[in-house]
1. Is it the case that residue 54 is surrounded by fewer than 17 Cβ atoms within 10 Å (Cβ to Cβ) and in contact with a helix residue (DSSP H, G or I) (Cβ under 8 Å, 6 or more places away or on another chain)?
2. Return a yes/no flag: does the stretch 37-53 have any residue that is at positive phi, outside any helix (DSSP H, G or I), within 20 Å of the chain's Cα centre (by Cα) and within 16 Å of the ligand (Cβ to nearest atom).
3. Go through the stretch 55-77 and give me each residue that's in a loop (DSSP other than H, G, I, E, B) and within 13 Å of the ligand (Cβ to nearest atom).
4. Name the residues in the stretch 208-222 that are within 14 Å of the ligand (Cβ to nearest atom) and not in a helix (DSSP H, G or I), would you?
5. Whether any residue in the stretch 203-224 is within 19 Å of residue 36 (Cα to Cα), over 16 Å from the mean Cα position of the chain (by Cα) and without any contact (Cβ under 8 Å) to a residue 60 or more places away in the chain is what I want to check.
6. One residue is enough: does the stretch 229-243 have a residue meeting the conditions in a helix (DSSP H, G or I), surrounded by fewer than 22 Cβ atoms within 10 Å (Cβ to Cβ) and within 16 Å of the chain's Cα centre (by Cα)?
7. Whether any residue in the stretch 194-207 is within 16 Å of residue 44 (Cβ to Cβ) and within 16 Å of the ligand (Cβ to nearest atom) is what I want to check.
Ligand code: PXP
């Protein structure tokens, strides 16, 4: 990319689910993910992300409602496109929502939405969320074959699942980065805003941050893990530095 056209700024959404994981492990009322969200905002987070899973394993409905009241940056609610979650989202009206596939037994979100196979369900979810003023992104694998279906849902944004990249090494890792780049370019050409997330760490975020079409990263597990040793503000600052270094590398 030429010096005269720098890539747009890269936002960091901090996912605080795993603060709630620690709380739920003991059934206590601490640590509080909402307090973590406020600390993250003070440390410069551009958004706070929470995944209200159907099994309520970490974030609870009350956390989402409290966060919505307390947060001074957009709250991004990750959710499955199922009726009871949609009804709750319609009630809470988060500024952002990210539709994700959900399997009860998975440790974390294992893949992107099948927007081709689930087109009617996803489109209806986008319609219901847009009606309450929520800006929707679809959590998808970097599969260009899905792009026609994604565009047809009316969702203004996609979040690329970076899990396969994060787990790859060597040649496979280069192939995954090429796939992310190609998908980001093709999605942006269709007018979609492009986000990315999953499995990103200080050590691997740079190559994703270097992709100029990506304007937002949502990162949770690695930041909270780092915060255990260094504190949340320092963990966020470290991640930001790594993002910026990657962004400049792509410039
Ligand atoms: N984006 C989405 C849609 C996710 O489901 C998750 C995991 O909850 C993340 C980002 C963050 O992933 P990680 O915790 O691995 O940073």
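1. Judged against the criteria, residue 54 is a match.
2. Within the stretch 37-53, not a single residue is at positive phi, outside any helix (DSSP H, G or I), within 20 Å of the chain's Cα centre (by Cα) and within 16 Å of the ligand (Cβ to nearest atom).
3. 57, 58, 59
4. Once the filter is applied, which keeps residues that are within 14 Å of the ligand (Cβ to nearest atom) and not in a helix (DSSP H, G or I), the stretch 208-222 yields 214, 216, 217, 218, 219, 220.
5. No; the residues of the stretch 203-224 include none that is within 19 Å of residue 36 (Cα to Cα), over 16 Å from the mean Cα position of the chain (by Cα) and without any contact (Cβ under 8 Å) to a residue 60 or more places away in the chain.
6. yes
7. The answer is yes, given that some residue of the stretch 194-207 is within 16 Å of residue 44 (Cβ to Cβ) and within 16 Å of the ligand (Cβ to nearest atom).
Each value in this text was obtained by applying a stated rule to the coordinates, not by laboratory testing. Bear in mind that the values here come from a model prediction, so they are computed numbers and not experimental data. Backbone-built Cβ (ideal geometry, glycine too); neighbour counts: all protein chains shown.
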